[in-house]
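Scroll down for the structure; my scribbles are underneath it.
The values are calculated or read from the model by the stated rules, or taken from the named source; none is laboratory data. All values derive from a computational prediction rather than experimental measurement. Cβ placement follows ideal geometry from the backbone for every residue including glycine, while neighbour counts extend to all protein chains displayed.
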Amino acid sequence: MFGRSNLYATQRNKTLNLTIEELLAFIGINFLMAYHRLPAWKQYWNTSEDLGLPVVADCMTRNRFEEILKYLHCNDIVIT
């Protein structure tokens, strides 16, 4: 999956360089988000005591999470 995501980003003139470790962290963060709900996904990186989750921010930056979210690709890419 991470190879396809890297190819997908490259086809859009971006460099993702997604690793298996980052992919697993991304999936783990998504599982946590399903369990601990906040109004918006960007709030998990909020620095206020009553909103953000430091475990998420310590795992991955918000910008990197957003980049992976944007280019995550699970299907084979067919070039015609």
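In the range 1-14, the residue that is surrounded by the fewest Cβ atoms within 10 Å (Cβ to Cβ) out of those that are over 15 Å from the mean Cα position of the chain (by Cα) and outside any helix (DSSP H, G or I) is N13.
Scoring L53 on the criteria (1) among the hydrophobic types (A, V, I, L, M, F, W, C); (2) under 16 Å from L23 (Cα atoms); (3) at pLDDT below 95 leaves a single failure, condition (2). Pairing residues of the range 23-46 that are surrounded by 15 or more Cβ atoms within 10 Å (Cβ to Cβ) with residues that are in a helix (DSSP H, G or I) and of a type in the set (G, A, S), at Cβ distances under 7 Å and at least 6 apart in sequence or on separate chains, gives W45/A57.
All of (1) buried (at least 17 other Cβ atoms within 10 Å of the Cβ); (2) of a type in the set (A, V, I, L, M); (3) farther than 17 Å from N6 by Cβ hold for A57 with one exception: (1).
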